[in-house]
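Since the structure comes first, as structure tokens, the remarks are kept for the end.
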Amino acid sequence: MQKKLKKIIVDTNIFLKNFIKHQKKTDLIFPMQYGLFPGGKKIRSKVLIDIGSLFSVNYKTLIKVGAAIECIHAYSLIHDDLPCMDNDRFRRGKLSTHIKYNESTAVLAGNSLLTMAFEILSDKKLIISDNIKINLIKKLSECSGHTGIAGGQFLDLSFENKKISKKKIIDMATKKTGRLFSFSCMVPAIIKGKDINVIKFFEKIGAEIGLLFQIADDLIDYRGKTIKVGKKTKKDQKLGKATLISLLGYQNTIIYGEKIKSKIINNLKKYGSKSKNINETLNYILKRNK
């Protein structure tokens, strides 16, 4: 698992650095790179490639799409850390982008990474048909905006210090975290021209993986050490965040996460041994400690 993940991290960062190298040089390039590199674990890209292996999608094509996903993820983290959002000073073991530079620069760097994702997907060197590119751009737009990441972050902030139902917490997590995982899972089916039912099946699988990831993230915040995790921990309770832990308790949330993982694995059984990679990733997501 770690070896596969490391290869994806290296290959994705090589592509992104090369892509940025050929961009017109501006003063925003530096804060963009700061927020993007060295990057996190590339779990979304790993899920994308795991699902891609079920359909035998070209690895290099998936690395490029994964790079676009990582740009969206990095943009969302830069914005999440802002004082008007979650007000975090540290991210990925270093100062948050707005602390390293300033708030306005962080906003603009995040915006630039958001738009660069669509540059990557529309680039002529991404060897897929124009119709598929348009579909991917549309889907990624939906997963990133008010029906996805941005909408989920809005709910996350508006739910603070309120008693929120399990259904609403799951809806928030599905938008904030799950939609980008949904995109990661849909991409291979879209590239291979699968019918709408197959695409919707993997969209749902992705939403469940995203919920599992959010549960793991909340558990890390609850039990983790700042110096090990690379960002401030134990802040959800302090901020009055609506999480499954705050509703169900720590142990029950662990049990709930295991049930989700088992459900996903069971739904992918029809792909036989090809699902081994994604199963390993699911175990890694739930058991990771940073």
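General remarks:
- In this structure the amide hydrogen of Arg91, modeled in the peptide plane, comes within under 5 Å of the amide hydrogens of Ser96, none closer than 5 places in sequence on its chain.
- Segment 2-287: relative contact order in percent, alpha carbon pairs under 8 Å with at least 6 residues between: 19
- Under Karplus coefficients 6.51, -1.76 and 1.60, residue-wise ³J(HN,Hα) of segment 112-122 in Hz, glycine/proline x: 5, 5, 4, 6, 5, 4, 7, 4, 5, 5, 9
- The length gained by stretching the chain between Asn131 and Lys166 to full extension, at 0.36 nm per residue less their Cα-Cα distance, is 8.7 nm.
- On the principal axes of its alpha-carbon atoms, the chain has extents of 50, 48, 34 Å, going from largest to smallest.
- Neighbour-count ranking [beta-carbon atoms within 10 angstrom, fewest first] of Lys64, Lys175, Lys6, Lys194: Lys6, Lys194, Lys64, Lys175
- Ranked by how many other Cβ atoms sit within 10 Å of their own Cβ, fewest first, the residues Asp11, Asp123 fall in the order Asp123, Asp11.
- Over 32 Å (Cα to Cα) - which of Lys139/Lys166; Lys6/Lys204; Lys163/Lys192; Lys46/Lys241 fall in this group: Lys163/Lys192
- Karplus 3J(HN,Hα) series, Hz, for segment 94-104 with 6.51 cos²θ - 1.76 cosθ + 1.60 (x for Gly, Pro): 9, 4, 4, 4, 6, 7, 5, 10, 6, 4, 5
- Set of aspartates and glutamates with alpha-carbon distance to Lys235 below 14 Å, sequence-local pairs under 8 removed: Asp80, Asp81, Asp86, Asp88, Asp156, Glu160, Asp217, Asp218, Asp221
- Lys/Arg +1, Asp/Glu -1 at C-beta; the chain dipole; positive extreme among Leu180, Leu157, Asn102: Leu180
- Here segment 2-287 is assigned +1 on the Cβ of each Lys and Arg and -1 on the Cβ of each Asp and Glu. Its dipole about the Cα centre then comes out at about 880 debye.
- Straight-distance candidates among the aspartates and glutamates for linking to Lys125, with alpha-carbon spacing under 19 Å and chain neighbours fewer than 8 residues away dropped: Asp11, Glu70.
- Net lengthening on full extension, Phe90/Gln2 (0.36 nm per residue, minus Cα-Cα): 29.2 nm
- Reachable aspartates and glutamates, given that their alpha-carbon falls under 13 Å from the alpha-carbon of Lys4 and they are not under 8 places away in the same chain: Asp50, Glu280
- In this rough spin-label picture, where each label sits 7 Å from Cα along the Cβ direction, the Lys194-Leu108 distance is 4.2 nm.
Taken together, the values in this text are just the output of simple stated rules run on the coordinates, not laboratory data. Fair warning: this is a prediction, and the values are worked out from it, not measured in the lab. Neighbour counts are summed over all protein chains in view; Cβ atoms, including those assigned to glycine, are modelled from backbone coordinates with ideal geometry.
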